Amino acid sequence: MSMTCHNLDFGTRVLDLVAVGSSSNSSIERYAVKNHGKTFATKVYGARRMVCCRQNISRTRVFSTNTSEALLNGVGQRTAPVLDLKKEAKSPISLANLFEVVADDLQTLNQNLQSIVGAENPVLMSAAEQLFGAGGKRMRPALVFLVSRATAELVGLKDLTTKHRRLAEIIEMIHTASLIHDDVLDESDMRRGRETVHQLYGTRVAILAGDFMFAQSSWYLANLENLEVIKLISQVIKDFASGEIKQASSLFDCDVKLEDYLLKSYYKTASLIAASTKGAAIFSGADRSVTEQMYEYGKNLGLSFQVVDDILDFTQSAEQLGKPAGSDLAKGNLTAPVIFALEKEPKLREIIESEFCETGSLDEGIELVKQCGGIERAQ
């Protein structure tokens with residue numbers, strides 16, 4: 001069993017993780033990771049449970065198992081040495097490496113997306129080329145393909161089904177539609193280093209393009225004729241709207257709670273990723289226990305991804321981000337680093353509540369977040 005600490009390179013974004021795994025000619029050894037010695041606070045929102053860690057996670061215990069179900073249903077009995085996740089990385093791992101097994105799937109998806117979206121109208125074709133040609137990590141469809149292949153192997157399927165591939169396309173269309181609308185709401189001029197759709201074609205076209213993409217994805221979703229997946233993905237579109245409303249109602253609010261931030265992050269990011277991973281398992285015909293575990297996996301990955309994204313807003317340059325640095329704070333969207341920094345620095349509250357009316361106040365606010373340990377606590 002090999003255990004190494006690496007950096008996960010999201011293009012210009014870097015996320016620390018532990019890579020654990022080994023393989024044989026006939027099967028893949030699976031491992032379950034159990035948090036060691038940590039306390040968790042649980043909140044119930046409707047029928048959904050959200051869990052947030054209340055302490056910095058710096059050490060993890062790793063267990064090896066010999067059964068394919070162990071990854072999903074529990075941890076093995078054998079103990080392993082405690083790993084220090086704060087060790088320096090030896091070498092970076094790029095997304096290209098991690099997604100290599102689904103590289104062909106992603107290439108086909110990119111080709112299909114432009115034809116699906118742009119077939120109806122020349123303007124939509126231009127918008128589609130702008131969006132899908134701007135790069136991006138394609139993390140969500142890649143997760144659909146990876147979970148599809150993992151769960152297909154679990155139940156004995158030899159390859160992905162047409163429904164697996166269509167689900168990946170639907171997920172990416174929904175994500176892209178949400179980005180178009182987000183850029184309009186946030187008045188963002190840049191996305192992934194390129195001009196946004198509304199900057200190029202106007203707000204009217206951008207909103208209609210986003211609406212069309214939501215409608216197109218819903219039509220393809222209905223044609224999959226799986227009621228459970230239809231309900232699952234339809235809830236995601238509702239969650240997007242709930243997240244935007246929640247964010248808009250708390251701009252420049254220095255009393256926003258961490259739990260509210262996590263709930264908003266669930267609505268805006270984690271809900272779609274959770275639906276992606278669960279839907280993939282459903283189309284593989286996996287047991288309900290497996291599909292629910294895939295949902296939890298996607299939810300927690302999505303929340304983690306959003307926190308990292310919010311950290312990078314303070315630590316990366318505009319060139320690295322493909323958008324202005326500190327843009328969330330400038331618009332009054334208070335994320336985890338800011339929420340933590342506000343607990344220590346009263347002056348930060350004054351600057352934020354003034355809505356950065358004075359010259360240089362935004363730069364001062366960003367510096368205070370860094371000085372007060374907000375980034376470290378968010379990590």
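Side notes on the structure shown:
- For the range 238-379, with +1 on Lys and Arg beta carbons and -1 on Asp and Glu, the positive-most of SER271, PHE356, ILE311 along the dipole: SER271
- Using 0.36 nm per residue and subtracting the Cα-Cα separation, the extra length available between GLU353 and SER234 on full extension is 39.2 nm.
- In a fully extended conformation the segment linking SER361 and SER242 would gain 39.8 nm over its present Cα-Cα distance, using 0.36 nm per residue.
- Surface accessible to a 1.4 Å probe, ILE174 within the full protein complex, Å²: 0 Å²
- Backbone N under 20 Å from the ASN223 label point (7 Å along Cα→Cβ), restricted to the range 137-165: 141, 145, 160-165
- Linear extension gain, LYS257 paired with ASP211, 0.36 nm per residue minus alpha-carbon span: 13.4 nm
- In this structure, SER115 and THR315 have a Cβ-Cβ separation that, at R0 = 41 Å, corresponds to a calculated FRET efficiency of about 0.60.
- Rolling a 1.4 Å probe over the protein heavy atoms gives the range 98-313 an accessible area of 42 Å² per residue.
- Distance between the range 139-187 and the range 306-370 - C-alpha centres, whole angstrom: 31 Å
- Across the range 226-242, coupling constants 3J(HN,Hα) worked out from phi with the 6.51/-1.76/1.60 Karplus curve, θ = phi - 60°, read 10, 4, 5, 5, 4, 5, 4, 6, 4, 4, 4, 4, 5, 4, 4, 5, 4 Hz, and Gly and Pro carry x.
- In plain terms, the bigger the Kirkwood radius, the slower the diffusion; for the range 98-313, with that radius from Cα pairs, at 20 °C and 1.002 mPa s, Stokes-Einstein puts D at 121 µm²/s.
The values are calculated or read from the model by the stated rules, or taken from the named source; none is laboratory data. Not measured: the values here are computed from a predicted model. Ideal geometry is used to build each Cβ from the backbone, glycine not excepted, and the neighbour counts take in all protein chains shown. In case anyone asks, the SASA skips ligands and DNA or RNA and just uses the protein heavy atoms, side chains included. Shrake-Rupley method; radii C 1.70, N 1.55, O 1.52, S 1.80 Å.
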